[in-house]
1. Exactly one of these conditions fails for Asp111: (1) surrounded by fewer than 20 Cβ atoms within 10 Å (Cβ to Cβ); (2) in contact (Cβ under 8 Å) with a residue 60 or more places away in the chain; (3) under 23 Å from Arg225 (Cα atoms). Give me its number.
2. Just one of the numbered conditions (1) surrounded by 15 or more Cβ atoms within 10 Å (Cβ to Cβ); (2) touching a Ser or Thr at 6+ places or on another chain (Cβ under 7 Å) is not true of Ile67; which one?
3. Determine which single condition Asp161 fails, assuming it passes every other condition in (1) outside any loop (DSSP other than H, G, I, E, B); (2) buried (at least 18 other Cβ atoms within 10 Å of the Cβ).
4. Restricting the search to the stretch 417-440, which residues are outside any loop (DSSP other than H, G, I, E, B) and farther than 18 Å from Val360 by Cβ?
5. In the set Lys538, Lys513, which member is modelled with pLDDT of 80 or more, under 30 Å from Glu408 (Cβ atoms), part of a loop (DSSP other than H, G, I, E, B) and not β-branched (Val, Ile, Thr)?
6. Would you confirm, using the coordinates I've provided, whether Gly73 is in contact with an Asp or Glu (Cβ under 8 Å, 6 or more places away or on another chain) and either of a type in the set (Asp, Glu) or on the phi > 0 side of the Ramachandran plot (or both)?
7. Which members of the stretch 459-480 meet the condition of being under 19 Å from Ile377 (Cβ atoms) and among the hydroxyl-bearing types (Ser, Thr, Tyr)?
Amino acid sequence: MTVLTVPPLDLSFPTLGPALCDFIQDRCVFGPGSLEGQQAVLDAETRGLIYRLYEVYPQYSDVEKKIPHRLAGRRRFKRGALELRKGLAKTEKAAWITFAELHPEGPVRCDGFDAYGNPVGRPVRSPYIPMMAVTEEQVSELAYGVLKYVVENSPDADLFDPSLERIIRYGPDGGKAGEAVPVSGAPGSRDGARTTFQHFDEPHRLFLPRVRAAHETMLQNMNKRPLEEPWTLYTSTAGQPGQQSIQEDVRREAEKVSEGKKKAPSFFFFSRWAGPEHDDLSTKEKRIAAIADATGPGGEWGPGQFESIAEDYDREGVDRAYWERVWLNRWRKSGSQAFNMPKIITLACPGVRISHGAFVTIGFDGARFRDSTGIVITEIYTGKQELVGRWERPPDQIGMDGKPLPWEVDEVEVTAVMEQTMERFEVWRGYFDPPHWTETIANWATRWPDQIVEWWTARPRQMAFAIRAYNEAFESGSIEICGTETAGMIGLPDHIEGTCDAFLRHLGNAGRKDLNIVDDEGKPLFVMQKMDGRAEDKFDFGMSGCLSWTAALDARREGAQPQPKTEAPRRLR
C-alpha cells in the first residue's frame, strides 16, 4: 500500500472529529444503494480522516506556561482533499460532512475548550454551501443528490426544505437560515457568494476553462466570512495525467509539499493507491491483491467484490489504463490517449517564450464554425513550441433549445495573428490544414508564397507517421512546451488560462484511432480523434503542434538556415 498524507499526523492538534462522527452516525443515513436509508456507520479510516479534516489549533501555544495560542480553536485546514479508489463511498462521506456543515446543530466549528482542553463544537451561522460537479445533471446525481436524500430521510428532515435547486435550512422563526446549492460552472453567478463550506465532487473531471474559472472564483470567495472559518473539500479518484484538471493541481501541490518544495500549512491531502509491488497484474490473484491494497482496511463491501473487479480486467476491449486508474487509484495515461502526458508535463516551461526573431516553423489547424483553431510555432534549432494564436468556442453558448448557438472564428483576428507572427519571427515554412480555411489560406499564400504550404491532415498514412515522429520527440525530450502562464495573445480572456496550459490541455484531449497500418517495426499506427465521443474535448492545438513539428523536422533535413541580416549602407562624414 502506498499512501500520501500531507501534512503528517501531529497529535498536538486537537480535533472536533469525535463529536462530529457521533453526530453523523446519529443523524445521517446511507444514500441510494444497497444500504439505502440505513443509519450511517463510519469505519475506523473514515473516522480518522474526519478527525484530520476537523483539526483545530490548541488552546495554548505553551501548555506549561498557559500561554494562549493566537489561533486557538480556529480551523487548521482551509482546504482538504481525499483521493481514493472508485467504490469507497467518497461522495457519501462528502454528503454527510456537508449535512453537518448545514445542520443547525452540527458541531463543526470550535466554540471554546472544555476543562480537559478538548474543543467544543458549534454550528455554522447562516451557512452557504455550493457543491460543484461538471454538469447540473452530475451535481444532482453525485454529492448534492446524496445530500438531498440524506436530508429527506434524516430524523431532522423537518429542519430543511430540500429541492433540486437548493436545500434550505430553516431558522427558529421558520425563515431561511442557510442553504446548500448545486453548481456546475457558472462563475459569474457565484461572485457574490458568502461561502462557509464548499465541495468539489470528482475534480479529476473538472478541467474545462469555464469550470477552472468557476473554481478560482469560488476559492476567492472563501475570505468573505472569516468568523465562520470557511473551507473547501475535494473528493476524487485518480485522474488522467495531462488533462489540466483541478485534481491534478491539487495532487501536484500535495507532492510538492511532501517533497519539501512548497509550504502549505492550511492544506490537508490524503491518497492511497496500490503500491509498485503490485505492478504485475498478469493474473487474477495478483489483481485481487492490488485491489485490496488500494482499498485499505475497509476491505470488500460484499463477498466476491474484488474477484469481480479483477475479472473485468480481462474483458475484451477493456481500457486497462482506465481500470488501473479507477480501481487501483493510480494516475495513468488512458489507453485511448494519443500522447504520453506524464512525460509531456515534465517538458512544460510556463512563462518561457520563444524569442523575437527566432527561426521558426508554423502549424495551423482548426474548425472555423465549431471546436477551435490554433497556431503553434516551433523554434527549429531548440525544439521549443509555443501556442501563439488560439480560438475556442465558448462552452456556455447554448440556446434555449439546448443546441449550440451560431459561432465563428473571426478571420480578421486570425489574419492579424498571422501578420504578427510573420513580423516577430523569421518563418521558414508553415504547414496549414486547409479544410474550413481554404480561401483564407489561399489569400495568405499570395502574401507569403514561400512560407504557406497546404498539409492535409486527412491523409491517414502521412498523418500517422507525423504523429509517431511527434511522440518520439516527446519521449526523447526534444520538445519543450512554452507559453504564457496567465495570458494568451488572442482568443480566450486572459484570466481563464495561460497558453502553455491550453496547449497541454489539447494534447491531453487528443485520443487515438488505430489504423490497419503498421510501421517498419510492425507497430500499429494511429491518428488523432476525440476520446470516447466527448465533443467538448478539443485537440486542435495539439494537431497544430504536430504540423509545426513536422515542418521543423523538414527544415532540419533540408539544412534550412535563416536569411543573413543585411543593413542599408550609411554615408560616412
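The values are calculated or read from the model by the stated rules, or taken from the named source; none is laboratory data. Please read all numbers here as calculations on a predicted model, not as lab measurements. Backbone-built Cβ (ideal geometry, glycine too); neighbour counts: all protein chains shown.
1. It is condition (2) that Asp111 fails.
2. (1)
3. Every condition holds for Asp161 apart from (2).
4. At the first step, the residues of the stretch 417-440 found to be outside any loop (DSSP other than H, G, I, E, B) are 417-424, 426-432, 438-440.
Within the stretch 417-440, Thr438, Glu439, Thr440 qualify.
5. Numbers: Lys513 fails: part of a loop (DSSP other than H, G, I, E, B).
After ruling out the rest, the residue left standing is Lys538.
6. On the way: in contact with an Asp or Glu (Cβ under 8 Å, 6 or more places away or on another chain): yes; either of a type in the set (Asp, Glu) or on the phi > 0 side of the Ramachandran plot (or both): yes.
Yes, satisfied.
7. Once the filter is applied, which keeps residues that are under 19 Å from Ile377 (Cβ atoms) and among the hydroxyl-bearing types (Ser, Thr, Tyr), the stretch 459-480 yields Tyr470, Ser478.
Residues are listed down the side, and each one gets a yes or a no for (1) of a type in the set (Val, Ile, Thr); (2) within 32 Å of the chain's Cα centre (by Cα); (3) surrounded by fewer than 16 Cβ atoms within 10 Å (Cβ to Cβ); (4) farther than 17 Å from Ser548 by Cα:
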residue: Arg424; (1), (2), (3), (4): no, no, no, no
residue: Thr440; (1), (2), (3), (4): yes, no, no, yes
residue: Arg447; (1), (2), (3), (4): no, no, yes, yes
residue: Asp450; (1), (2), (3), (4): no, no, yes, no
residue: Thr457; (1), (2), (3), (4): yes, yes, no, no
